[in-house]
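Some notes on the structure that comes next.
Any read-out appearing in this document is the output of simple, stated calculations on the displayed coordinates, not a laboratory observation. If you're wondering where the values come from, they're calculated on a predicted model, not measured in any experiment. Positions of Cβ are backbone-derived with ideal geometry, glycine not excepted, and every protein chain shown enters the neighbour counts.
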Amino acid sequence: MHRTIAAVTLICCAWASGAAAQWRCRVMDPTGTPLNIRTAPSGAIVGTLPNGVLVAVRDNAADQNGKPWAFIAQYPDGAPLGWVFREFISCF
């Protein structure tokens, strides 16, 4: 019984630390151009971010073509920014 509880606790702690690591990300657009911020996945462009900026991921989605998108916020204050192409941010 105690081994089961210990195993479940260990799995939950590992999952939680992995989820926390996904929260803080850095803009890493390989094209070298500023990353577009959009109103929705594949939506209208409302701003840009340069490489190196830290952001917080709040949500994930895929567009109609299956491309991954992330809803981001400013890091660390959490002010919402919009949707970005998920492949161009690196989370740690």
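Distance from the Cα centroid of region 66-92 to that of region 21-48 is 6 Å (rounded to whole angstrom).
Each peptide in 37-45, 80-88 gets a packing score, the mean of other Cβ atoms within 10 Å over its residues, and the list from highest to lowest is 80-88, 37-45.
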